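The values are calculated or read from the model by the stated rules, or taken from the named source; none is laboratory data. In this text the structure is predicted, and so the values were computed from the model without any measurement. Note that each Cβ is placed from the backbone with ideal geometry, even for glycine, and that neighbours are counted across all protein chains shown.
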């Protein structure tokens, strides 16, 4: 079976070179950028495609009859393809879990700290010659609400506790080994000074943080999202940030990526933005790519 890594960028290319072994199956690597409509040209003739967050709309994938497997580099393919539609057409989407729990959790905590102290805003202002020491929020003693207690959420909770925060959580299912006190979602929203989104995006969680739930958040709370943009009602989020109901948002993910520079979220001063980079550490990337190759080895 022929395999292609369809979107290996300059950042991942040296990592790819480090993890490839002599006994691995042959995998072609495409390092050229391409327009979305060119997807069939790139993957035509291949049975397996490794996808690093390229959009794969069903009508375009249908034009590649040889394709039987997509190895998605991460856990949230629903943001980039319709997994159910592809399955109906005989294409299996493979995901990779647990490769970067620590990396993503550390990034979530970094966004939380940056949001609490207006770090990105002051950085912009100082560079522009504006010297305004903004008053921040001390996190020790504050309540951290973690929505989604998988590997990443548990690590966010652990670090938050180590910082002196009181942590509460909500999870779709109950696990006996959870050490974080669980509360219902309305209680978490009403009591948390900081909320960290760590849910997987599936049909049931799309739009989870709706306008109604955003309205129930504690006034002046901080929201951090390193999971998926579609978990949050974007219009309601923008409205809450504009009104000040949400003090600050630290966002690594968005409904549409890359984020357009004239998007409202990019214009608000109380938003700290990163480029879907929470999982981008050398350690996490090496684990991710190695596991992707190992999946391919089971398929060929």
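Key figures
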quantity	calculated
Residue match in region 217-228 (condition: touching a residue at least 60 places away in the same chain (Cβ under 8 Å), within 30 Å of residue 36 (Cα to Cα), touching a helix residue (DSSP H, G or I) at 6+ places or on another chain (Cβ under 9 Å) and assigned to a helix (DSSP H, G or I))	no
Residue list for region 267-299, filter: touching a strand residue (DSSP E or B) at 6+ places or on another chain (Cβ under 7 Å) and either under 23 Å from residue 17 (Cα atoms) or assigned to a loop (DSSP other than H, G, I, E, B) (or both)	270, 292, 295, 296, 299
Strands (runs of 3 or more DSSP E) completely within region 49-155 that count 2 or more residues being in the same structural domain as residue 287 (by TED's automatic domain parsing)	69-72, 92-94
Restricting region 247-266 to residues that are farther than 25 Å from residue 78 by Cβ and in a strand (DSSP E or B), the residue that is nearest to the chain's Cα centre (by Cα)	248
Total residues in region 235-244, condition out of contact with any strand residue (DSSP E or B) (no Cβ under 7 Å at 6 or more places or on another chain) and surrounded by 17 or more Cβ atoms within 10 Å (Cβ to Cβ)	2
Filtered residue count, region 180-212, keeping only those that are in contact with a helix residue (DSSP H, G or I) (Cβ under 9 Å, 6 or more places away or on another chain), exposed (fewer than 12 other Cβ atoms within 10 Å of the Cβ) and within 25 Å of residue 278 (Cβ to Cβ)	1
Residues (within 21 Å of the chain's Cα centre (by Cα) and part of a strand (DSSP E or B)) located in region 169-196	169, 170, 194, 195, 196
Output for region 213-233, where each listed residue is within 17 Å of the chain's Cα centre (by Cα) and surrounded by fewer than 19 Cβ atoms within 10 Å (Cβ to Cβ)	none
